[in-house]
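Student: The structure's right below; bear with me while I get my questions together.
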Amino acid sequence: VPPTCDWRKVKNIISSIKNQGNCKCCWAMAAADNIQTLWRIKTQQLVDVSVQELLDCDRCGNGCNGGFVWDAYITVLNNSGLASEEDYPFQGHQKPHRCLADKYRKVAWIQDFTMLSSNEQVIAGYLAIHGPITVTINMKLLQYYQKGVIKATPSTCDPRLVNHSVLLVGFGKEKGDMQTGTLLSHSRKPRRSTPYWILKNSWGAEWGEKGYFRLYRGNNTCGIAKYPITARVDRPVKKAPVSCPP
Amino acid sequence: DSLPTKDAGPRPLELKEVFKLFQIQFNRSYSNPAEYTRRLGIFAHNLAQAQRLQEEDLGTAEFGQTPFSDLTEEEFGQLYGHQRAPERIPNMAKKVKSERWGES
């Protein structure tokens with residue numbers, strides 16, 4: 001596992017920050033972002049995939065009233081892929097429309113989806129090798145978050161009550177700021193360096209660190225390690241696979 | 001809400017100025033004086049809450065005014081949290097329609 005990883009630094013891999021507005025579709029935005037990012041990494045094709053298809057074709061049919069990333073991947077498998085955002089644009093309206101997936105050409109598809117181990121080292125290794133994944137966290141503290149690394153405890157952010165899905169795009173370590181002598185106005189605790197996750201939210205770029213936020217890495221802060229889920233996107237292979245000789 | 005004075009943050013006069021700036025920055029307006037007063041109270045409570053989180057946090061996070069500072073915690077949860085993920089993921093059968101390789 002490398003010491004740091006930031007997929008935002010690779011050109012044309014991570015798309016701009018979205019704003020879900022009054023539509024509770026973080027789960028669809030995170031899953032679409034995951035698929036789109038993996039597709040871009042694997043094929044170098046700059047696709048923008050449809051979130052609305054995931055909302056309209058979801059098996060629960062809840063549209064903007066909430067859902068789960070794993071249902072989004074099932075929708076993509078059942079529809080044999082995702083249409084483009086241009087063909088099937090995000091509407092953000094409350095009630096779900098009927099599914100129009102069959103009307104549009106698919107610009108990206110997946111072979112499968114999988115849930116990773118809840119070991120944060122394993123998650124970091126997978127992220128660094130394959131690309132961004134979705135995670136689902138307890139979003140309680142995010143209402144007041146401005147910047148920096150949130151390090152919570154189960155009592156301040158219950159890791160069992162996860163209710164918001166986002167895209168995990170990297171990790172790093174914040175230098176410690178050991179005070180040497182000078183007394184600061186407020187008594188800052190001297191800190192060792194702080195390992196953190198970098199997460200992409202869907203609440204617009206005015207929120208947090210230009211739409212991103214960071215959580216402490218290593219103590220399942222806010223339940224980040226509970227549902228690490230990602231699509232599996234293989235390079236589209238045109239020729240038939242080699243078969244095993246008799 | 002009656003705010004404990006020590007946590008009330010800026011004094012009422014400053015609080016209204018801070019709230020005014022918040023409204024301008026995030027383009028907020030309220031339908032009537034009662035709603036304005038209610039939102040001002042929620043805003044003051046949230047500033048105090050942010051201050052408490054700041055003191056509690058074990059990392060380097062900074063908490064304070066955000067686009068959601070005039071929402072109660074319940075309103076925020078209802079607006080942005082999808083239904084709580086179940087304790088365990090329901091088992092699901094995955095099937096892929098297209099048999100031909102290389103197709104979507």
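Student: With the requirement that a residue be buried (at least 17 other Cβ atoms within 10 Å of the Cβ) and closer than 30 Å to A:ASP6 by Cα, what does the stretch A:93-125 give you? Steps first, answer last, please.
Tutor: Going residue by residue through the stretch A:93-125, those that are buried (at least 17 other Cβ atoms within 10 Å of the Cβ) are A:96, A:99, A:101, A:104, A:106-110, A:113, A:116, A:120, A:123-124.
Within the stretch A:93-125, A:LYS106, A:VAL107, A:ALA108, A:TRP109, A:ILE110, A:PHE113, A:LEU116, A:GLU120, A:ILE123, A:ALA124 meet the criteria.
Student: OK, next. Determine whether A:ASP33 is charged (D, E, K, R), at pLDDT 95 or above and surrounded by fewer than 22 Cβ atoms within 10 Å (Cβ to Cβ).
Tutor: Values: charged (D, E, K, R): yes; at pLDDT 95 or above: yes; surrounded by fewer than 22 Cβ atoms within 10 Å (Cβ to Cβ): no.
Spelling it out, it is not the case that A:ASP33 is charged (D, E, K, R), at pLDDT 95 or above and surrounded by fewer than 22 Cβ atoms within 10 Å (Cβ to Cβ).
Student: Just checking, how many residues over the stretch A:31-45 are among the basic types (Lys, Arg) and in contact (Cβ under 8 Å) with a residue 60 or more places away in the chain? Talk me through it step by step, then tell me what you get.
Tutor: Taking the stretch A:31-45 first, the residues among the basic types (Lys, Arg) are A:40, A:42.
Right, trim to in contact (Cβ under 8 Å) with a residue 60 or more places away in the chain and you get A:42.
The total comes to 1.
Student: Next question. When you go through B:SER31, B:SER69 one by one, which is the residue that is modelled with pLDDT of 95 or more and either exposed (fewer than 10 other Cβ atoms within 10 Å of the Cβ) or not basic (Lys, Arg) (or both)?
Tutor: On the way: B:SER31 fails: modelled with pLDDT of 95 or more.
Exactly one residue qualifies, and that residue is B:SER69.
A quick yes/no check of all residues on (1) farther than 16 Å from A:TYR145 by Cβ; (2) surrounded by fewer than 15 Cβ atoms within 10 Å (Cβ to Cβ); (3) modelled with pLDDT under 95; (4) at the interface with chain B (Cβ under 8 Å from one of its Cβ atoms):
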residue	(1), (2), (3), (4)
A:GLU206	no, yes, yes, yes
A:GLU209	no, no, no, no
A:TYR216	no, no, no, yes
A:PRO228	yes, no, no, no
A:ASP234	yes, yes, yes, no
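The values are calculated or read from the model by the stated rules, or taken from the named source; none is laboratory data. Keep in mind the model is a prediction, meaning the values are calculated, not measured. Backbone-built Cβ (ideal geometry, glycine too); neighbour counts: all protein chains shown.
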